[in-house]
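Read-outs: derived from the displayed coordinates by stated rules, not from any lab. As the structure is a prediction and not an experimental result, all values here were calculated from the model. Here the Cβ is made from the backbone with ideal geometry for all residues, glycine too, and neighbour counts use every protein chain on show.
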Amino acid sequence: MANRIAPPFDETVSKFCKDTGRNLTEVTNLITAFAAQYGEYGKNLNTMAWLWVQNQGMAPLPLKQSSTPFSTIDKPYLTLNQVLSKESGIGENTGFAIRGWVFGRREGKSSTGGPALYLTLADGTDAYDVNIYGKQVETVTALGINLFDAVYIKNAQMHRMNQNGEPLTTPRIQVSGQYAETKKITTGEFDLPALKDIPASPLDSLKPYQTALVKGLVFETNQREYSGCPNCMSKFKEKVAYGASSDCPGNPAKQRASCGRVTATRMAWTDIHINDQSGELKLSFGPSFDFNEEQLKALRFRPIVSIGYLDPESNSLQSRYMNTEEQFNKMASAVPTASVIPAPNPAPVSTVSTATPVVITPTPIVTTPTTATLPAPTVTTSNPIPPGAIASSLPPNGAVAPLVENWVRLMGPKTEAEMIKFMNEKKHIPVQAVKNTVKEMIEMGILVTDDTGKMRLA
Ligand SMILES: [Zn+2]
């Protein structure tokens, strides 16, 4: 059973004052007086405030699960399959290390409104979502961790229960709190197999909620179009003509507010049906992927690579990533094996025992352990990093290329100037890094220039 801790004093008190309209100073004084009765024990004001609120006949904020690992597994790393196997017996407050390739990256919010980052990792034994919360989100963002980066995470934790102590349908790997550490690594470090050697799961082997890397031939595609808000992609309740101005409906079910007056834009859900030797599978893509007809036509009869989780309701793979197998292989062989960005020093961590609040938010993406037998990772010795690589402060092209590729896929043909402007202003990527990447992507045949001088995906 996990350790439970009271929420921070300030949180408890401000919630109470908000609910009751009482004065902050007055309440603080009352709690201090209440705590004084308990002598030494009363010095933990977090629990005292929590108890005092209960004494007033009010429900205090729920207790939080402590992020403090009571023990750590003394191994350089565990494979995802080892972590997820039922036999692993990893306790709730046990830190362990994992490593893998980033195949999906989504930003989000925790249930208390704090930042959250969801990385889908694959390491050759399994694929899984890793939920990052609190200060660790800043660390991971500062490292510039993106698609196709290899990462090493120390003191990740496994959660099998929610904050009420009820079992989760599928366990969650969480990275938060003062002991967690994340860094970029290279192929071979910690025996990480090369990106191109990450195996795909047979299509007929997937289990509900399992996150998997799949490969197959596209034999059918279709789209469900709708008119929606270009910012939040919410659907207009009554169809608004594309290009017309209307009020964004927001999404009350997801507590998403209206974006105000917007231009109705064509949005679409896309289904791509693929096969492999074992069977067929429908890949489902949300509106942010928005393929156009021409792109879909070009995909037919081509082998593709995708990653996502199997949604049992629609019996489809909710996809996070897709590319043609050819482009994926090009990308995989272009991923630098021994050039890393120098990592900023991690910020000093507080040693206060009432550590960072741990947010136990069930994310919609949950997975179950894979049972498919996959080849053992290739063991190679880790390459020393050449000094030249460290001297460069530009992100490796392998990190920028997926961004350029996704953006062009979403937005259509673009000039190099447009790419530089967007990547520099919106993604804070140095101009030279964008130029280098675009040059390399053209050389590799991933981007091609059309008659008007704009670049599109090959
Ligand atoms: Zn909107």
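Near Lys282, which lysines are there with a Cα under 16 Å away, not counting those fewer than 8 places off in the same chain?
Lys282 reaches Lys207, Lys215.
Give me a comma-separated list of calculated 3J(HN,Hα) values for segment 451-458, in order, Karplus coefficients 6.51, -1.76, 1.60 applied at θ = phi - 60°, integers in Hz, x for any Gly or Pro.
So the Karplus estimates, Gly and Pro as x, are 4, 8, x, 8, 9, 9, 6, 5 Hz.
Contact order normalised by length for segment 71-194, with contacts defined as Cα pairs under 8 Å and 6 or more residues apart; what percent is it?
Worked out over segment 71-194, it gives 26 percent.
Please rank Phe16, Phe301, fewest neighbouring Cβ atoms within 10 Å first, as an exposure proxy.
Final ranking by Cβ density, sparse to dense: Phe301, Phe16.
How high is the relative contact order of segment 203-330, in percent, with contacts defined as C-alpha pairs under 8 Å that are six or more residues apart?
Relative contact order, segment 203-330: 30 percent.
What is the list of residues in segment 182-216 whose amide nitrogen lies under 14 Å from a point 7 angstrom out from the Cα of Gln277, following Cα to Cβ?
200-205, 215-216
Given segment 390-457 reduced to its alpha-carbon atoms as identical point scatterers, what log10 I(q)/I(0) does the Debye formula return at q = 0.12, 0.20 Å⁻¹?
Per q value, in the given order, log10 I(q)/I(0) is -0.26, -0.73.
Once you list every other residue whose beta carbon is under 12 Å from the beta carbon of Ala433, what net charge do they have if Lys and Arg are +1 and Asp and Glu are -1?
With Lys, Arg at +1 and Asp, Glu at -1, the net is +2.
With charges only on Cβ, +1 for K and R and -1 for D and E, what is the dipole size of segment 203-330 about its Cα centre, in debye, rounded to 20? Show your work: numbers first, answer last.
Details: 16 positive and 15 negative charges, 88 e Å.
So the dipole magnitude of segment 203-330 works out to roughly 420 debye.
For the peptides 89-101, 430-442, what is the packing order when you average, over each peptide's residues, the other Cβ atoms within 10 Å and list the highest mean first? Write out the running numbers ahead of the final one.
Details: 89-101: 19.9, 430-442: 18.2.
Highest-to-lowest ranking by the protection proxy: 89-101, 430-442.
For Asp450, what charge total do you get from the other residues with a beta carbon under 11 Å from its beta carbon, if Lys and Arg give +1 and Asp and Glu give -1?
+2
Once you charge only the Cβ atoms, +1 for Lys and Arg and -1 for Asp and Glu, what is the size of the charge dipole of segment 390-457 about its Cα centre, to the nearest 20 debye?
Value, rounded to 20: 200 debye.
Sorting Val27, Val448, Val214 on the 10 Å Cβ count, fewest up front, what's the list?
Ordered by Cβ neighbours within 10 Å, fewest first: Val448, Val27, Val214.
For the pair Arg261 and Lys237, how long in nm is the line joining their label points, each one 7 Å along Cα→Cβ?
So the label points at Arg261 and Lys237 sit 2.1 nm apart.
Which of the pairs Lys15/Lys64; Lys18/Lys43; Lys297/Lys427; Lys421/Lys454; Lys196/Lys435 have their Cα atoms more than 20 Å apart in this structure?
Those over the limit are Lys18/Lys43; Lys297/Lys427; Lys196/Lys435.
I need Val175, Val130, Val262 ordered by Cβ neighbour count within 10 Å, fewest first. Working shown, then result.
Working: Val175 26, Val130 23, Val262 20.
With the sparsest Cβ surroundings first, the list reads Val262, Val130, Val175.
Need one number: nm distance between label points at Tyr41 and Leu24, each 7 Å from Cα along Cα→Cβ, rounded to one decimal.
Rounded to a tenth, the inter-label distance reads 3.0 nm.
Please report, to two decimal places, log10 I(q)/I(0) for segment 71-194 at q = 0.11, 0.12 Å⁻¹ as given by the Debye formula with identical point scatterers on the Cα atoms and no solvent.
-0.33, -0.40
Taking 0.36 nm per intervening residue step and subtracting the Cα-Cα distance, what contour gain separates Asn406 from Glu138 on full extension?
Extra length from Asn406 to Glu138 when fully extended: 94.2 nm.
In nm, what is the difference between 0.36 nm times the number of residues separating Lys421 and Gln54 and their Cα-Cα distance?
Full extension from Lys421 to Gln54 adds 126.7 nm.
By how many nm would the segment from Glu166 to Val431 lengthen if fully extended, with 0.36 nm per residue of separation less the alpha-carbon distance? Working shown, then result.
Details: separation 265, 0.36 × 265 = 95.40 nm, distance 4.96 nm.
Gain on stretching Glu166 to Val431: 90.4 nm.
For segment 203-330, take N as its residue count and report Rg(C-alpha) divided by 2.2 N^0.38 Å.
That works out to 1.18 for segment 203-330.
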